[in-house]
Amino acid sequence: MPIAILKWGFYFGPLLFGLLFIPPVTAQILAVLQWAPPFGLTPLAAGFVLGGTWGLYAQWRGSWLTWTP
Amino acid sequence: MDTLTQRFPEIADGEPLADGTADIGDRDTGKTLMQREREIARRYMGDVPWFAVFWGLGNLAIWLALWPLVLFGYLPLWAAFPVATLNVILCYLPSHEAQHDIIGRAGTRWRWLNELVGHLSTIPLVLPYRAAKLTHLEHHRHTNHPERDPDYTMRADSPLHMIWVSLKNRQPRSNRGLRGYRDALVRIGRPDAALDGLLYQFAFYGILCGAAWAGFGIEALLLWWLPRHIGTAYIQFFLSWAPHHPGTRQGRYRNTRAWRSALGNIGSMGMQYHIVHHLHPTIPLTRTPAAYRELRPILEARGCRLENL
C-alpha cells in the first residue's frame with residue numbers, strides 16, 4: 001500500500017509540483033519584487049494559476065519544456 | 001587476480017595492440033603490456049583516500065550549514081546560492097569512490113566509512129547510493145552499449161546539445177538519463193534499489209513543498225532545487241558525456257578517452273584522466289593524473305584516444 005501511494009504520487013508528480021510548490025514560491029517572488037498580479041488576483045492565486053496550468057501541461061505532455069518528452 | 005579482473009571477468013589478457021600484433025611480451029623482461037599495466041596500476045591503489053572522505057562529509061556539512069545560516073539571516077541568499085550549487089556539483093565524486101569500494105572494501109576496517117560516505121555525500125543530489133552504485137557498475141561493464149549502458153542516453157553531438165539532452169532526460173515522462181536508471185535496475189534484478197529512488201524523490205519534493213508553505217520557498221528553490229538541476233547537468237557533462245564522447249566504440253581500450261578540458265583538471269573534476277578510471281576503477285581519483293602519466297606509453301601502444309593530454 002505505501003509503495004502504491006509512492007507510485008501514485010510519482011505519477012502525478014508534475015501536477016502536484018505545480019499545485020504544491022509553484023504557488024507559494026510564486027507568491028513569495030511576487031512579494032519580493034513588489035509586483036501586483038493582474039486581474040486583481042492575490043499573489044497566491046496567481047501562483048495557483050501559473051503552477052496549475054504549467055503542472056497540468058507537464059502532466060499531459062510528460063515534459064515541462066517541450067511538446068514531447 | 002586484481003580486483004578489476006575479479007569484478008569484470010570479461011576483461012582478459014591478449015587484446016591486440018594498436019598495430020594489430022599480439023601482446024606477446026617484452027623481449028628483455030618477458031612481461032606483457034597487460035602485466036606492466038597492472039603493475040603500474042597496483043602502485044596507485046590501496047590506502048584510504050582520506051581527501052575523498054573529508055571532501056564528501058565536509059561538502060555535505062557545508063551544504064547543510066547553509067540552511068540555518070540563510071534562514072536565520074546570517075548569510076544572504078544570493079551568496080548562499082553559488083555555494084549550494086558548488087556543493088551539489090562536488091557531492092557526487094566522493095560517493096563515486098565509495099561505489100568502487102576505494103575507501104574500504106567489504107570485510108575491511110574502513111568498510112563502514114566507505115558506506116557512510118557513499119550514502120551521505122550524494123544527499124544534495126538526491127541520488128540514492130545503492131541505485132547509483134549498481135547502475136554505475138553496470139556502466140563500467142557495458143560502456144557505450146546501446147541497451148545495457150545506463151548512461152548511454154547521455155550521448156550528444158556537442159556541449160550545448162549535451163546540456164539540452166540532460167534537461168530533456170529529466171522531464172517527467174522521460175525514460176532516459178537518471179530516469180532510465182529504474183529500467184536498468186529492473187533489468188539487473190534489483191527493483192528494490194529503484195524503490196530507493198522513489199523514496200528519495202518523495203522526501204525531496206516533500207521538503208521543498210513543506211519549506212515553500214512555511215514561507216521559505218525561494219530559499220528551497222535556490223539552496224536545493226536549482227543547484228540540483230545545475231549540478232546534475234554539470235556532473236553528467238563531465239562524467240557521462242565528455243569522457244565517452246562520441247560514445248560509439250566499445251572495448252576496454254576504446255570506450256573512453258583522455259582529453260584536455262577547457263576548464264582544466266579541477267574544473268572537469270579530474271575527468272580528463274577518466275580512461276585510467278575505466279581501466280583501473282580502484283585507483284583513487286586524486287591519483288589518476290600520476291597513474292596516467294606513467295601508463296601513457298602503454299595506452300599509446302594500445303591505441304587509446306589520448307587527446308592533447
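What follows draws every value from the coordinates through simple rules; no lab data is involved. All figures in this text were calculated on a predicted structure; none of them were measured in a lab. All Cβ positions, even for glycine, are placed from backbone atoms using ideal geometry, and neighbour counts span all protein chains on display.
Among B:Thr32, A:Thr66, a tally of other beta-carbon atoms within 10 Å of each Cβ gives an order, fewest to most, of A:Thr66, B:Thr32. Within chain A, the whole DSSP H helices whose Cα atoms reach 18 Å or more along their own axis and whose mean Kyte-Doolittle score is at least 0.0 are A:43-61. Residues within the reach of a label modelled at B:Arg105 (point 7 angstrom out along Cα to beta-carbon, backbone nitrogen below 20 Å), restricted to the stretch B:284-304, are B:284-288, B:291.
Ordered by the number of other Cβ atoms lying within 10 Å of each residue's own Cβ, fewest first, B:Thr153, A:Thr53 fall into the sequence A:Thr53, B:Thr153.
Put in line by how crowded their Cβ is, counting other Cβ atoms within 10 Å and starting with the fewest, A:Phe21, A:Phe39 read A:Phe39, A:Phe21. Length available on full extension from B:Asp192 to B:Arg43: 0.36 nm per residue minus the Cα-Cα distance, which gives 49.9 nm. Over the C-alpha trace of the protein assembly as shown, radius of gyration and Dmax come out as 23.0, 88 angstrom.
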